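These notes are about the structure you will find just below.
Taken together, the values in this text are just the output of simple stated rules run on the coordinates, not laboratory data. It should be emphasised that the depicted structure is a prediction, and the values quoted were computed from it without experimental measurement. Heads up, the Cβs are rebuilt from the backbone with ideal geometry, glycines too, and the neighbour counts pull from every protein chain shown.
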Amino acid sequence: MRWILRSKIHKAIVTGENLNYVGSIGIDKDLIKKVGILAGEKVLVVDNTNGARLETYVIEEAKNSGKIIIYGSACHLIKKGDEIIIMGFELTGKRIKPKIILVDKNNKFVKFL
């Protein structure tokens, strides 16, 4: 069994941050649906702007809102306006084809990669 990349949202822009929340990342419901990420799922978030990496869980933001919001202590590492990559993994013994999407500067779906 190996951890294999299953889902990826590439070049998303953080639209907000809220330090006074218990913690997580909020992602537009349309985007998480396209890549197969579930609410509550653990994800790896990589900040292309400053190199920070963290694991957290997903909460849904309004569909087609373009919102990508960092909550809780992660706000110390990732800021509004940063470009990030969000990845979900699966523990499996088989090969899987990941669902990878590219989004524009407004976090709107551009294409599958």
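Dipole magnitude for region 1-70: computed about the Cα centre from +1 point charges on Lys and Arg Cβ and -1 point charges on Asp and Glu Cβ, it is near 340 debye.
Toward the positive end of the charge dipole of the chain, with +1 on the Cβ of Lys and Arg and -1 on the Cβ of Asp and Glu, the farthest Cα among Tyr21, Ile4, Ser73 is that of Ile4. Label positions at Val46 and Ile96, each projected 7 Å from the Cα along the C-beta direction, are separated by 1.8 nm.
When +1 charges are put on Lys and Arg Cβ atoms and -1 charges on Asp and Glu Cβ atoms, the dipole computed for region 67-113 relative to its Cα centre reaches about 220 debye.
Computed over the chain with a Gaussian network model linking Cα atoms closer than 10 Å, the most mobile of Lys67, Lys94, Lys42 is Lys94. Taking amide H atoms as placed 1.01 Å from N in the peptide plane, the amide H of Gly23 lies under 5 Å from those of Gly72, each 5 or more residues away in sequence or on another chain. Beta bridges from DSSP with both residues in the chain: antiparallel share about 70 percent, rounded to the nearest 5.
Over the residues of the chain, the helix contribution to mean residue ellipticity at 222 nm works out to -1500 deg cm²/dmol, using -39500 (n - 2.57) for each DSSP H run of at least 4.
Along each principal axis, taking the top coordinate minus the bottom one, the Cα set of region 41-96 gives 37, 28, 18 Å in descending order.
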